[in-house]
Amino acid sequence: MEHVMKRRDYLTWEEYFMGIALLSAQRSKDPNTQVGACIVNGNNIILSTGYNGMPKGCSDDQLPWEREGGFEDTKYAYVCHAELNAILNSDGRSLADSILYVTCFPCNECAKAIIQAGIKKVIYLEDKYPDSEATKVSKKLLAMAQITLKKFSNPSFFADLSLYK
Ligand SMILES: [Zn+2]
């Protein structure tokens with residue numbers, strides 16, 4: 001009698017959670033940058049998700065999506081980043097010792113929130129701006145707080161699915 005074997009090409013946990021971060025990014029209305037995040041506990045249970053967008057109740061039709069101009073006229077003054085939204089969307093659950101999956105390396109502002117939330121590990125898909133001041137400060141803070149950083153091991157997996165280029 002032939003023995004039926006289980007599937008071998010199922011998603012790894014890392015692919016699954018980064019996939020959810022990438023799918024979350026597709027909710028963003030930002031015309032230039034779509035970032036997604038997914039926070040998971042030690043039992044591989046999803047605690048929260050987020051993407052970059054305007055604060056709740058603040059119209060993303062009225063606020064600017066510009067990247068250049070005066071302080072009030074660019075998106076930077078208004079947009080909540082994916083990581084911060086994921087932290088704030090956890091509905092009061094503790095994020096202590098959790099893992100953050102994020103499609104882009106966190107900025108220094110998000111690094112502060114990641115540290116204060118008790119997240120212990122960050123797995124990122126890409127590090128687009130390694131030379132920016134925000135990334136340098138972020139890496140300094142995350143290292144001081146002993147948060148483990150890991151680049152996602154298999155980015156071509158998502159490129160093949162056209163979820164990521
Ligand atoms: Zn950020």
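The values are calculated or read from the model by the stated rules, or taken from the named source; none is laboratory data. As the structure is a computational prediction, the values presented were derived from the model and not from experiment. All Cβ positions, even for glycine, are placed from backbone atoms using ideal geometry, and neighbour counts span all protein chains on display. Surface accessibility is based on the protein's heavy atoms, side chains included, excluding ligands, DNA and RNA. Shrake-Rupley method; radii C 1.70, N 1.55, O 1.52, S 1.80 Å.
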Among what's in the stretch 35-51 and is in contact with a Leu (Cβ under 9 Å, 6 or more places away or on another chain) and free of Cβ contacts under 8 Å to residues at least 60 places away in the same chain, pick the residue that is farthest from A86 (Cα to Cα). N41
Residues (aliphatic (A, V, I, L, M) and part of a helix (DSSP H, G or I)) located in the stretch 70-127: A77, A82, L84, A86, I87, L88, A111, A113, I114, I115, A117
So which of N85, N108 is buried (at least 16 other Cβ atoms within 10 Å of the Cβ), under 18 Å from I20 (Cβ atoms) and within 16 Å of the ligand (Cβ to nearest atom)? N85
For the stretch 138-156, state whether one or more residues are of a type in the set (D, E, K, R), surrounded by fewer than 17 Cβ atoms within 10 Å (Cβ to Cβ) and within 20 Å of L22 (Cα to Cα). yes
Hey, could you check the stretch 46-82 for residues that are under 28 Å from D97 (Cβ atoms), open to solvent by 40 Å² or more (accessible area, probe 1.4 Å) and away from the ligand (no atom under 15 Å from the Cβ) and say which is nearest to the chain's Cα centre (by Cα)? T49
